[in-house]
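**Student:** Questions regarding the structure given below will be posed in turn.
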Amino acid sequence: MVLLASLAAAGTPADQQKRFEDELRAAGSPLGGFSAQRGEAFFNATHGSEWSCSSCHTSNPLAAGKHARTAKLIAPLAPAANPERFTDAATVDKWFRRNCNDVLGRLCTAQEKGDVLQYLMSLK
Amino acid sequence: MDNTARRRIFDVTGWIIGLLAGMALLAHDAMADSKRSAPPNAPWRAECGSCHIAYPPQLLPAQTWRQIMAQLDKHFGTDASVDPVAAAEISAYLERYSGSARRTAVLPDGLRITETRWFLHEHDEMPSAVWRLPAVKSAANCAACHTTAEQGDFRERNIRIPR
């Protein structure tokens, strides 16, 4: 059952990119593609408050991170280092929602999410 | 029936009553025990265990769990919101196995396990510097000293205080 459920939910990072692209299209936003370079800058920058994405995930997403407050170990974020990442749409949406609220005080746009994922997918 | 026989029956009855009372006490203890070690719950472990260890339900009273679950989007400074289906199941689990209101009473306006009467009492011999060790970082980090906290085991024999 667990295996079936995980197979049913299985997806790839590219599937998530496709969803972000669809989101942009639905919102009538310009489709200029996703940029790993923009994603990297976004990932390492603070956005008006204390934390950046790298505060917990470190500036090397191929390595394990550590929660900035609780010090709990966080498995690597880059799919090359952790094949489970970005395979389940609900999990991806949950963490972007929570973490964007923590880091930016708002939800991320589809463009921002796509750029960040593009960056993470570029890491080998 | 002579007096000796009557006394013997009385003695046997006394024994049986004593035995029954003993069994009732044992059963009561076993129930208290089962309350202490709640069976693991998948959504609880997944959702409550991603940023910190999944704190066992018996560490806080039901009322405090309700308050925590009602403001997950502002959970001690972070957004820890979960989908409504998981939230309902987690709430039911936390409340079902919650701690006794008296023992786990939280200080006024407190929501933290570290602000409960029993926590303060259990840790009153800990020098304050221990909490600030880099390997500990905060009192919320049970596993820094309770090496088997992740498995819900807080027994004294498994405590290793980092230097």
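**Student:** Would segment B:103-110 turn up any residue that is of a type in the set (Lys, Arg) and either assigned to a loop (DSSP other than H, G, I, E, B) or more than 18 Å from the chain's Cα centre (by Cα) (or both)?
**Tutor:** Step one: filter segment B:103-110 for residues of a type in the set (Lys, Arg), giving B:103.
Next, from what is left, pick out any that are either assigned to a loop (DSSP other than H, G, I, E, B) or more than 18 Å from the chain's Cα centre (by Cα) (or both): B:103.
Yes, there is a match, as at least one residue in segment B:103-110 is of a type in the set (Lys, Arg) and either assigned to a loop (DSSP other than H, G, I, E, B) or more than 18 Å from the chain's Cα centre (by Cα) (or both).
**Student:** Among the listed residues A:LYS72, A:LYS18, identify the single one that is surrounded by 14 or more Cβ atoms within 10 Å (Cβ to Cβ) and among the basic types (Lys, Arg).
**Tutor:** Working: A:LYS18 fails: surrounded by 14 or more Cβ atoms within 10 Å (Cβ to Cβ).
One residue alone meets the criteria, A:LYS72.
**Student:** Still on this structure, I have one more. Applying the selection to segment B:37-79, what residues are part of a loop (DSSP other than H, G, I, E, B) and within 12 Å of another protein chain (Cβ to nearest Cβ)? Give the derivation first.
**Tutor:** Restricting attention to segment B:37-79, the residues satisfying the condition of being part of a loop (DSSP other than H, G, I, E, B) are B:37-41, B:49-56, B:60, B:71, B:76-77, B:79.
Of everything in segment B:37-79, those that are part of a loop (DSSP other than H, G, I, E, B) and within 12 Å of another protein chain (Cβ to nearest Cβ) turn out to be B:GLY49, B:SER50, B:CYS51, B:HIS52, B:ILE53, B:ALA54, B:TYR55, B:PHE76, B:GLY77, B:ASP79.
**Student:** Report, by residue number, each residue of segment B:125-163 that is within 19 Å of B:CYS51 (Cα to Cα) and exposed (fewer than 11 other Cβ atoms within 10 Å of the Cβ).
**Tutor:** B:PRO134
**Student:** Out of A:ALA68, A:ALA41, A:ALA90, A:ALA14, report the one residue that is within 21 Å of B:ASP79 (Cα to Cα) and part of a helix (DSSP H, G or I). First the steps, then the outcome.
**Tutor:** On the way: A:ALA68 fails: part of a helix (DSSP H, G or I); A:ALA41 fails: within 21 Å of B:ASP79 (Cα to Cα); A:ALA14 fails: within 21 Å of B:ASP79 (Cα to Cα).
Selected residue: A:ALA90, the only one of A:ALA68, A:ALA41, A:ALA90, A:ALA14 that is within 21 Å of B:ASP79 (Cα to Cα) and part of a helix (DSSP H, G or I).
**Student:** Report yes if some residue within segment A:104-113 is part of a loop (DSSP other than H, G, I, E, B) and of a type in the set (A, V, I, L, M); otherwise report no.
**Tutor:** The answer is yes; a qualifying residue exists.
**Student:** Of the residues that sit in segment A:55-87 and are farther than 12 Å from A:LEU120 by Cα and polar (S, T, N, Q), which one is nearest to the other protein chains (Cβ to nearest Cβ)?
**Tutor:** A:THR70
**Student:** Pick from segment A:72-84 the residues that are in contact with a helix residue (DSSP H, G or I) (Cβ under 7 Å, 6 or more places away or on another chain) and touching a residue at least 24 places away in the same chain (Cβ under 8 Å): which of them is farthest from B:CYS51 (Cα to Cα)?
**Tutor:** At the first step, the residues of segment A:72-84 found to be in contact with a helix residue (DSSP H, G or I) (Cβ under 7 Å, 6 or more places away or on another chain) are A:74, A:77-79.
This time we only want the ones that are touching a residue at least 24 places away in the same chain (Cβ under 8 Å), so: A:77-79.
Numbers: A:LEU77: 15, A:ALA78: 18, A:PRO79: 20 Å.
Ranking the qualifying residues of segment A:72-84, first place goes to A:PRO79.
**Student:** Now for a different question. Inspect all residues belonging to segment B:80-101 and state whether any of them is exposed (fewer than 12 other Cβ atoms within 10 Å of the Cβ), within 14 Å of chain A (Cβ to nearest Cβ) and in a helix (DSSP H, G or I).
**Tutor:** Within segment B:80-101 (the criterion being exposed (fewer than 12 other Cβ atoms within 10 Å of the Cβ), within 14 Å of chain A (Cβ to nearest Cβ) and in a helix (DSSP H, G or I)), the answer is yes, since at least one residue qualifies.
**Student:** If you check A:LEU77 against the conditions, is it modelled with pLDDT of 95 or more and either farther than 17 Å from A:GLY39 by Cα or over 13 Å from the mean Cα position of the chain (by Cα) (or both)? Spell out the reasoning first.
**Tutor:** Values: modelled with pLDDT of 95 or more: yes; either farther than 17 Å from A:GLY39 by Cα or over 13 Å from the mean Cα position of the chain (by Cα) (or both): no.
So A:LEU77 does not fit the description; no.
**Student:** Next up: Return yes when A:LEU117 is touching a helix residue (DSSP H, G or I) at 6+ places or on another chain (Cβ under 8 Å) and surrounded by 15 or more Cβ atoms within 10 Å (Cβ to Cβ) and no when it is not.
**Tutor:** On the way: touching a helix residue (DSSP H, G or I) at 6+ places or on another chain (Cβ under 8 Å): yes; surrounded by 15 or more Cβ atoms within 10 Å (Cβ to Cβ): yes.
Yes; evaluated as a whole, the condition is true for this residue.
**Student:** Next question, about the same structure. Tally time: how many residues in segment B:142-152 are modelled with pLDDT of 90 or more and part of a loop (DSSP other than H, G, I, E, B)? It would help to see each step written out before you state the result.
**Tutor:** Residues of segment B:142-152 that are modelled with pLDDT of 90 or more, as a first pass: B:142-149.
Of the ones still in play, those that are also part of a loop (DSSP other than H, G, I, E, B) are B:145, B:147-148.
Adding up the residues that qualify gives 3.
The values are calculated or read from the model by the stated rules, or taken from the named source; none is laboratory data. Just so you know, these numbers come straight off a predicted model, no measurement behind them. With ideal geometry, Cβ positions are generated from the backbone for all residues, glycine too; neighbour counts draw on all protein chains shown.
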